[in-house]
1. Return a whole-number percent for the relative contact order of chain A, with Cα pairs under 8 Å and 6 or more residues apart as the contact set.
2. Please rank A:Leu201, A:Leu18, fewest neighbouring Cβ atoms within 10 Å first, as an exposure proxy.
3. So which aspartates and glutamates can A:Lys256 reach, going by Cα to Cα under 12 Å and dropping same-chain residues fewer than 8 places off?
4. Between their Cα atoms, which of A:Lys245/A:Lys274; A:Lys35/A:Lys90; A:Lys86/A:Lys131; A:Lys58/A:Lys274 are more than 30 Å away from each other?
5. Using the Cα gyration tensor of chain A, with a ≥ b ≥ c the square roots of its eigenvalues, what is the shape: rounded (a/c below 1.5), prolate (a/b larger than b/c) or oblate (neither)?
6. Which FRET efficiency, nearest 0.05, do A:Lys25 and A:Thr207 yield, Cβ-Cβ r, R0 30 Å?
7. Fewest first, what order do A:Glu253, A:Glu275 take by the number of other Cβ atoms within 10 Å?
8. Would you tally the net charge around A:Glu92, using a Cβ to Cβ cut-off of less than 15 Å, leaving A:Glu92 out, and scoring K and R as +1, D and E as -1?
Amino acid sequence: MPELPEVETVKETLKNFLIGQKIRKVIAPYPNIIKDDLDSFKDKIIGQQFNDILRYGKYLLFQLDDYVLVSHLRMEGKYFIRNSLKELSKHEHVIFELDNGKFLSYHDVRKFGTMELVFKGTEFQLESLSKLGFEANDENADINIIYEKFRKANRPVKTVLLDQTVITGLGNIYVDETLFLTKIHPQEIASHLSFDEVSNLIKNARTILNKAIALGGTTIRTYQSSLGVDGRFQNELNVHTLVGKPCPVCSTEIIKIKVGGRGTYLCPNCQKRKEL
DNA sequence: ATCTATGCCTGGTGGC
DNA sequence: TGCCACCAGGCATAGA
């Protein structure tokens, strides 16, 4: 599933193909991906040019002339560039025809992804974007503000790390890896953590995310960042998906549990809950 | 105000 | 082999 490093990779890859291109036409075999009314979406976006692509958390922000296209890939969303419309897959739901005759195609097996077109400058008024916390890899993030949110949360630390209003960009994979590196049990109650522990969590998250970005993201399950390019961070995973394998630190078998309804991998020896 | 449960979706898997 | 229940999960929303 695309998290911050994967979305960053998609952004950088797409920039090479899209900047300077205008949208000639929109084809939407499954228009429910688009939140707006399809006809007005088309009216507004046709003729607009891709000027830049930004990322905020796991959101892609396609900068057009008068609008911003806000896109979230959710679980399995991918963008492809195609040269023709031959042999469209049944999972390609929104296709933009470009000036150069090529196509930007949005592919999403689960149809969870979303697209929304808003006037330039109003994108941060969207409910979804306005509530996001600091970027999970932002070295200038105010740790005091983040710690304050942990201190008030009577929820498992994993749930808080996944809460995009606390910090944004982490998903299930990188949260498991961050907790492992910090030697904290995912079910530990967030408010029980010290300032230093929260500080270490944020520092480790940043380290992991930046390494993952450098390696082009993580490819697990069916996820590829875009254009069929695989990331390489999956080779760096310590616990996520590795149930039954030895912990790279102490060789204890990695276990899988559920936290907040999410599959969670950890080393039961390295990541112990605090004594009460 | 906080937190949890549910719905959105489909492909893959395991049981029979 | 085929059928079916079940699981994966980010986020919005409803409900406790």
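Throughout, read-outs are computed from the coordinates displayed, never taken from laboratory work. Just so you know, these numbers come straight off a predicted model, no measurement behind them. Because the Cβ atoms are built from the backbone with ideal geometry, glycine has one as well, and the counts that use them run over all protein chains shown.
1. About 18 percent, as a whole number.
2. Sorted ascending by nearby Cβ count, the order is A:Leu18, A:Leu201.
3. Once the sequence-local aspartates and glutamates are set aside, what remains near A:Lys256 is A:Asp176.
4. As for pairs spanning more than 30 Å Cα to Cα, those are A:Lys86/A:Lys131; A:Lys58/A:Lys274.
5. prolate
6. E(calc), rounded to 0.05, equals 0.10.
7. A:Glu275, A:Glu253
8. +4
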